[in-house]
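Accompanying notes for the structure given below.
The values are calculated or read from the model by the stated rules, or taken from the named source; none is laboratory data. Note that the structure is a prediction, hence the values are computed from the model and not measured. Note that we place each Cβ from the backbone using ideal geometry, even for glycine, and neighbour counts take in every protein chain shown.
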Amino acid sequence: MHGKRNDHIVRAVFGLHLAEAEVFNHGAAKESPYRCLMGPRLIKHLAPGVMSFLGRHQKKALVHRSSKRSASVPNTRLYLRT
């Protein structure tokens, strides 16, 4: 299900009857192992200069990722942690 948003994946697996809170919780649970596995390795996979760019624009990026994307707050923190 690569490229699909968590809410689409959760509803495809568990059905359309779930409340938004349940969909969010299942999506967050799905992402948690990925964050644990990828967190320590993330910096090795970033293009040169990305961490300094994010450091300069952290507050702006947090607002953008949290409000415009389906990424949860823990994912946002993973991307922006230095």
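Annotations
- Verdict on MET1 being modelled with pLDDT under 85 and in a loop (DSSP other than H, G, I, E, B): yes
- Scanning the stretch 1-18 for residues that are without any contact (Cβ under 8 Å) to a residue 40 or more places away in the chain and surrounded by 15 or more Cβ atoms within 10 Å (Cβ to Cβ) gives ILE9, VAL10, ARG11, LEU18.
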